[in-house]
Every structure is written in C-alpha cells, then in structure tokens.
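These notes concern the structure reproduced below.
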C-alpha cells in the first residue's frame, strides 16, 4: 500500500510541505504467475533460490551477474512477474539496477541474521526467498527494504565520503613522519611539518640526509592529497551557496548531512528520521517490567557522529535553541547525564533539520539564528 500524498494547501505564513514519497513495496498482479528470488550476492558469483507461486523453494543455483540478469529477462519474457531480494553490501546497487532494467521488482534490505546455528550461501539464499514470499503475501514485517539512492545522489554522497577518506589518509601520513623522526632522531616535529615554512626549517634542522629523503616522499603525498581535499571542500560548500544556514552548524557539516540523507523528504514522520540516526534507546521489556538501555546504533553511523559533533557546537552558538532549552537541567548536571542529554539532542537535531529542510518550519521556529 502506498501512503497518500499531501495535497492540501499550506497554512498562511508556513512554507509548503513536499509530498510524501512512497515506501518500497511489491506490486503483485494476481493474473500473472509469481516467481520470488532470494539472492546471496558475492563478487565472483550469486547464489539464487527461486520459488514459483506457493510451491516449495527450488534447489539453489549459482549464477554470474550477467547470467542472472539474462535468466530473469527470460522468465519475464515467459510471463512471470519476478521479485528479487538481496542484502545491502559493499557491491553497491549495480545488480539492483540491472535487475530493475530487465523488468524485475528488486529490493535491498539491511544485512540480517538469517540462520542461528548454520550459515551457508545456499541456506541464506533460501531464507531470503522464503521471507520474500511471505512479504509478497502481505506480511509487512518480514522484510524492511531500504531506499535506493539515485545515481546522482550516490555520486554526491561519494564526494563527502572521499573527503573524509583523504583527511584520514593525510593524518596517517603525517603521523608516519612524526614517528620516523621520533625513532631515528629522538626529536619532535612541528604540528604541520610539511607546510612551506616548517619544511624550509627542517631542511637545515635535520642532519640526516636519509631521513630528509623519507620525509620528502611523505610530504609529496600529503601536498597532493591536500590539493584534492581543497577541491572537494570547495565543491561541497558550493552546494549551499546562497542558502540560509544556522549559526554554528557549518557548511561542511550541513552539506555532508544532506549528502548522507540523500533526500530529507524520504521520511514521513519524526519517528522515522529519529530511528535513522541510531540514537534511539535500546529496550528489553517483558510483562510489567520495562528496561531501557544504551542507544541501539542501528542507523547511519556517519550521520550519528556528525549530529553529536554539531550538538556540542550548537550548545555554544545557539543558546536559544528550543530543544536545548528543554534540556537545561540535565545539561547542567554531571558529565554522565550531560553526555546522555547530548545524545538525546542529537536525535532531536536530526528531527529539527528534517522539519527545516522539508519546509515544515523556519529557523526562527526552532530558536536558531542564521549565520
């Protein structure tokens, strides 16, 4: 079932709210025979288990990617409606897009534990197939498909992730230089030893020619990476050109959050965006007892880290933030309770950003001041 879109006119003085996006659901045609495919995907091969209508699952078959897409196209040509499911992994969405182009309804889910005691490719493919059959029959809790980003969204997100990768590699190379000098000279290098001024001083300060050669090779790599990093930062910042931004949030943080989320309109309510952050408390309750533990960390880890960093900055630069005002008592308590309050504020910050980026409220409604 597809949720209804919002078509009512916005209230006076309020920005228009974008229509809701439909969730990934199977479209079943009762007039056509159904074929469900559970796919355990690997880089070299794909293990597939097929089930026609409500017959038993067939024996597992091993395909290459091209063979599987060709076989799916043949099944569709024979009049079957084909449903495919696979776990999301490090191979991207290439197979999903090829199956969809062949005419199949393809879905991706987050990795789950399919078998408790035994795990093989055949058992995993069979379990995915059986879950897909029950899901297509109407059991909505069997599978939770993820939203597939478009090619443009995927490339925009990759720019921010590549920036993080380059920054991490620069730190590794810089620390390698510090370690080399500490090991061979028992001395300490300045903070940015590869900078023009510091490097000019090191040319005369380091007496060992061999060590200068080692540092020079490291410096060449760092300088080249920093040039790429600067280009990426300029590209990321240009996405927010001429846009209002909250003071203290930062262009890179906001652009990275936009890239990771891909589309703020994908969330239909505040619970969905709060769950996406992974900052929701874990729970183990039974009967009349309710136990709430630490956060479940089941969402996007990159988004969660960015939100926690942003909360500490907003507590300084946005003292009138309404969500922080409600947490004043906990924030003023001990360090342990203060950290818990920051995690709760990180979840609320995601909700506030969702409301602001989808036009449900303005910066002033949240108590924010524009930069």
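Please treat every number below as a calculation from the coordinates, not as lab data. Keep in mind it's a predicted model, so treat the numbers as computed, not measured. Cβ coordinates were reconstructed from backbone atoms using ideal geometry, including for glycine residues, and neighbour counts include every protein chain displayed.
Remarks
- Its Kirkwood hydrodynamic radius, worked out from the mean inverse distance over all distinct Cα pairs, puts the stretch 239-371 at 15.5 Å.
- Taking each residue as 0.36 nm, the span from residue 316 to residue 88 lengthens on full extension beyond its C-alpha to C-alpha distance by 78.2 nm.
- Among 131, 163, 201, a tally of other beta-carbon atoms within 10 Å of each Cβ gives an order, fewest to most, of 201, 131, 163.
- From least to most packed, judged by other beta carbons within 10 angstrom and beginning with the fewest, 267, 83 follow the order 267, 83.
- The angle separating the long axis of helix 251-261 from the principal Cα axis of greatest extent in the chain is about 20 degrees.
- Per-q log10 I(q)/I(0), the chain, q = 0.09, 0.10, 0.11 Å⁻¹ (Debye; single scatterer per alpha-carbon; no solvent): -0.75, -0.89, -1.01
- Anisotropy class of the stretch 292-331 from Cα gyration tensor, a/c 1.5 cut: oblate
- Against the main long axis of the alpha-carbon atoms of the chain, helix 196-205 sits at an angle near 60°.
- Residues 329, 311 arranged by fewest to most Cβ contacts within 10 Å: 329, 311
- Across all directions, the average projected area of the convex hull around the alpha carbons of the stretch 125-192 is 9.2 nm².
- FRET efficiency for residue 197 and residue 155, using Cβ-Cβ distance with R0 set to 30 Å, rounded to 0.05: 0.20
- Computed label-point distance, nm, for sites residue 188 and residue 169 using a 7 Å Cα→Cβ extension: 3.0
- Directionally averaged shadow of the stretch 34-136, computed from the convex hull of its alpha-carbon atoms, nm²: 6.0
- The C-alpha radius of gyration of the stretch 151-238, expressed as a fraction of 2.2 N^0.38 Å, stands at 1.31.
- Cα-based helix-to-principal-axis angle, 121-136 vs the chain, degrees rounded to 10: 70
- Percent breakdown of C-alpha pair distances by 10 Å bin, ordered from the shortest bin, for the stretch 189-256: 17, 33, 21, 19, 9, 1
- Potential extension, residue 116-residue 44 segment - 0.36 nm per residue separation minus Cα distance: 23.4 nm
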